[in-house]
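The values are calculated or read from the model by the stated rules, or taken from the named source; none is laboratory data. Note that the structure is predicted; figures quoted are calculated from it, not measured. Counting neighbours? That spans all protein chains shown, and the Cβs are built from the backbone with ideal geometry, glycine included.
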């Protein structure tokens, strides 16, 4: 009796373990001998205890959950903003498949998968801030490579998570478009996107706003005016006149939002720049000869598929002047104990993008031709407009220029980009009256330049000599061509 009791308990424990582990596959029979070998006298008891035709479901081999840790993407970045998910919970994913796009305060990066498996959890919503070194998502990893695919195909699809329904894949839009919608209190769910995969574009927002304004105009009540009748015997009649309705803007509420992305970078850099004792130097440059030369160069560049502006020439001239005055292409350490003279001329250009102000740089300008610089600037401008500038495009700059003339500026007081020690702001080109060498009044193409330098390592005389060298090359482009390397 005791032996039967012990056997029954052992079998019940065994069955319990089988039931706990069984889920997904049918077991048609369980051999009693395999469960209690050597206890043939208890075979009937075993068969009564176990229903040999009962179906059990075994889980597929995807049963190890791995946390996908967000690795360091470089430049000491500790947090990033999730711009877009390319996957959703319940989907299969393979190694090297794109997972999501994130944006740091310096660049946009596409994160790729390191495992084969199934997405089980997304730890962040779109537009949320993800921490480097923390889990980005959970993946159920295939423990047995190339296991029976029929069982994998039977995995029940998990519904999309809540955040995808609210913020994610059903509403595709860039952060700039989301910001425009937020500023105008527009629900993106009410707009039909015309972009790829239904992505909402800026034009869709503007069309929606235009339609709303037209709707307000159509339903606005027509004001009635009292018009006096010229006849004394006729009383004043009330006449309704058609007149355009005045649409007053709807006053919104104050809103507070976190500082992030490129704006956060600008806050950090400008705060560091406050520690630099700036001094300014201003001059004007006669570009009349360069204007004529560019017309010829522009024609050649267009044949090679390159858009040539004045900026590549300004950048090349700056590099040639930096060769004579290397202190302007240096950096100062935080404790002001050492100055490093940079071998490469990585000249940055302050660029106004939909995401905000960025300063990508053209690497090794001293080794590039004017057309090569133009091609690189075109590439950086395209990436900047798309919000796709990489960290390599934004890092290791040694000297900067800011072309305020493109938006109509003449003078500026540019702020140095630490750890650099100098920057120049270029104004618009104006046709102004000037006297030539012989005293004749002529039309001249004049551009004003505003320099800022770190007075701890650069004195006024050095800044003036550098500016004069740069100015000489631009006013006499033939000298610039002769000195090109």
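Being part of a helix (DSSP H, G or I) and in the same structural domain as residue 270 (by TED's automatic domain parsing): is that true of residue 420 here?
So residue 420 does not fit the description; no.
Within the stretch 108-142, track down each residue that is over 19 Å from residue 78 (Cβ atoms) and either assigned to a loop (DSSP other than H, G, I, E, B) or in contact with a helix residue (DSSP H, G or I) (Cβ under 9 Å, 6 or more places away or on another chain) (or both).
Selection gives 113, 114, 115, 116, 118, 122, 125, 126, 142.
Filter the stretch 297-320 for residues that are in a helix (DSSP H, G or I) and within 23 Å of residue 434 (Cβ to Cβ) and give the result.
Residues satisfying the conditions are 313, 314, 317.
Could you please find all residues in the stretch 319-337 being at pLDDT below 95 and within 17 Å of residue 459 (Cα to Cα)?
Listed by number, the residues that qualify are 332, 336.
Here are some residues: 335, 388. Which one is over 22 Å from the mean Cα position of the chain (by Cα), assigned by TED's automatic domain parsing to the domain that holds residue 477 and either under 29 Å from residue 73 (Cα atoms) or in a strand (DSSP E or B) (or both)?
From the options 335, 388, the qualifying one is 335.
Across the stretch 384-399, what is the total count of residues that are within 14 Å of residue 352 (Cα to Cα) and surrounded by 15 or more Cβ atoms within 10 Å (Cβ to Cβ)?
5
Does residue 105 satisfy the criteria of being touching a helix residue (DSSP H, G or I) at 6+ places or on another chain (Cβ under 9 Å) and on the phi > 0 side of the Ramachandran plot?
Considered against the rule, which asks whether it is touching a helix residue (DSSP H, G or I) at 6+ places or on another chain (Cβ under 9 Å) and on the phi > 0 side of the Ramachandran plot, residue 105 comes out as no.
For the stretch 354-382, which positions are surrounded by fewer than 20 Cβ atoms within 10 Å (Cβ to Cβ), in contact (Cβ under 8 Å) with a residue 60 or more places away in the chain and outside any helix (DSSP H, G or I)?
Result: 354, 356, 357, 369.
Does residue 344 meet the test of being within 20 Å of residue 110 (Cα to Cα) and either part of a helix (DSSP H, G or I) or over 20 Å from the mean Cα position of the chain (by Cα) (or both)?
no
Read through the list (1) in contact (Cβ under 8 Å) with a residue 60 or more places away in the chain; (2) touching a strand residue (DSSP E or B) at 6+ places or on another chain (Cβ under 6 Å), then give the number of the only condition that residue 415 fails.
Result: residue 415 fails condition (2) only.
Just give me the residues in the stretch 429-441 being assigned to a strand (DSSP E or B) and either touching a residue at least 24 places away in the same chain (Cβ under 8 Å) or more than 12 Å from residue 284 (Cβ to Cβ) (or both), in sequence order.
If the condition is that a residue be assigned to a strand (DSSP E or B) and either touching a residue at least 24 places away in the same chain (Cβ under 8 Å) or more than 12 Å from residue 284 (Cβ to Cβ) (or both), then 429, 431, 433, 434, 435, 441 are the ones that fit.
Would you please name the residue that is farthest from residue 427 (Cα to Cα), looking only at residues in the stretch 301-331 that are surrounded by fewer than 20 Cβ atoms within 10 Å (Cβ to Cβ) and out of contact with any helix residue (DSSP H, G or I) (no Cβ under 8 Å at 6 or more places or on another chain)?
Once the filter is applied, the top-ranked residue is 303.
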